[in-house]
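Below is one structure, written out as structure tokens, with a few remarks after it.
The values are calculated or read from the model by the stated rules, or taken from the named source; none is laboratory data. What you see is a predicted model; the values in this text were computed from it and never measured. Here the Cβ positions follow ideal geometry from the backbone for every residue, glycine too, while neighbour counts run over all protein chains shown.
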Amino acid sequence: MSQFQRLADLDAVPANLRGAYVAIGSFDGFHRGHQTVLGTLKARAAEAGVPAVVLTFEPHPRDVFAPAPFMFRLTEGDEKAQLAEALGLDAIAILNFDRAFSQIEAEDFVSRFLVDALAVTGVIVGSDFHFGRQRRGTPTFLKASGDAHGFAVETLDLMDEGDEVISSSRIRAALSEGAVSAANRLLGYHWFFDGCVVKGDQRGRELGYPTANTVTHANFQLAQGVYAVRAKLGDRLLDGVAAFGKPMFNNQRPPFETHLFDFDEDIYGQTISVALIGHIRGQEVFNGLDQLITAMDRDSRKARDILAAAEPLSELDRKLGFFR
């Protein structure tokens, strides 16, 4: 199997990726609905004997047209690349989406990217996919373009569960309510995010619970509370308990604070990936530090129990490296 490739543009597509089968979309979350699309992509690419490539965009198009970034993102570029590789795709191309990009005519998008740059064998999109200026590029338009240029086009519906489409917005809503199990079930893996470890106020260390703090985005809308987590630090897998929100202290743009069990190293400046395994409780205000420490002790015991019983939701969970 060829080494996974990540492209920041399509200006000089490697020769071994030309002729690929390509899935196009925002793919925020790479959830189970997306995975049906990408599973079909892999199957079609294998049948044709060509690479399987996902073509996506950053930032999310909705954020480009908002007055300020507002969307709670499930997966940004780095996480998308990790998921694409874990799913066994050959490459991901992450194109910069801005207002100028949004003005590309649908016909030009097809000729410039799909025909000239990638020389696609086939394209797969979701039934709600639109592209090009004023979103004129519909699945019907894409099918006609494929007929004209000689590439196959397949449109797929996303999966349903409980009379609802499996969607990124549904998963965001679950996470914003602390419903981690529901969100993870819809994703088909344990939701994770990457962050750089920064120095905090050192209060956790004073309380006997040193934490690896990662700065959250302004639109990070995870429910404030306490979570059982599993973290990847390089090749190491570490269990822990994490808190988001500081109701007893400064609660403006709080960091995500992860206490790693049986671990005491200086990891400032390093990137850590944190997966949410379970929700323990919402945030509370305590009558003093003694009550807070007692609650932290209780949370740690509960987190250890949750992590000891945790099982991967899919093979993807294992390939992402959060389960061995």
Query raised in the report: Among the residues of the range 246-269, is there at least one that is β-branched (Val, Ile, Thr), surrounded by 17 or more Cβ atoms within 10 Å (Cβ to Cβ) and assigned by TED's automatic domain parsing to the domain that holds THR211?
Result: yes
**Report entry** Top-ranked residue of the range 1-18 - restricted to ones that are touching a helix residue (DSSP H, G or I) at 6+ places or on another chain (Cβ under 7 Å) and part of a loop (DSSP other than H, G, I, E, B), ranked as farthest from SER111 (Cα to Cα)
**Finding:** SER2
Report task. Hey, could you check the range 167-183 for residues that are in a helix (DSSP H, G or I) and among the aliphatic types (A, V, I, L, M) and say which is surrounded by the fewest Cβ atoms within 10 Å (Cβ to Cβ)? Result -> ALA173
Query raised in the report: Under the condition of being modelled with pLDDT of 95 or more and assigned to a loop (DSSP other than H, G, I, E, B), which residue from the range 76-102 is surrounded by the fewest Cβ atoms within 10 Å (Cβ to Cβ)?
Result: GLY88
Query raised in the report: Restricting the range 16-34 to residues that are more than 20 Å from ALA152 (Cα to Cα) and not hydroxyl-bearing (Ser, Thr, Tyr), which is nearest to the chain's Cα centre (by Cα)?
Result: GLY29
Query raised in the report: Quick check: is even one residue across the range 281-289 modelled with pLDDT under 95, buried (at least 17 other Cβ atoms within 10 Å of the Cβ), outside the structural domain of GLU85 (by TED's automatic domain parsing) and not in a loop (DSSP other than H, G, I, E, B)?
Result: no
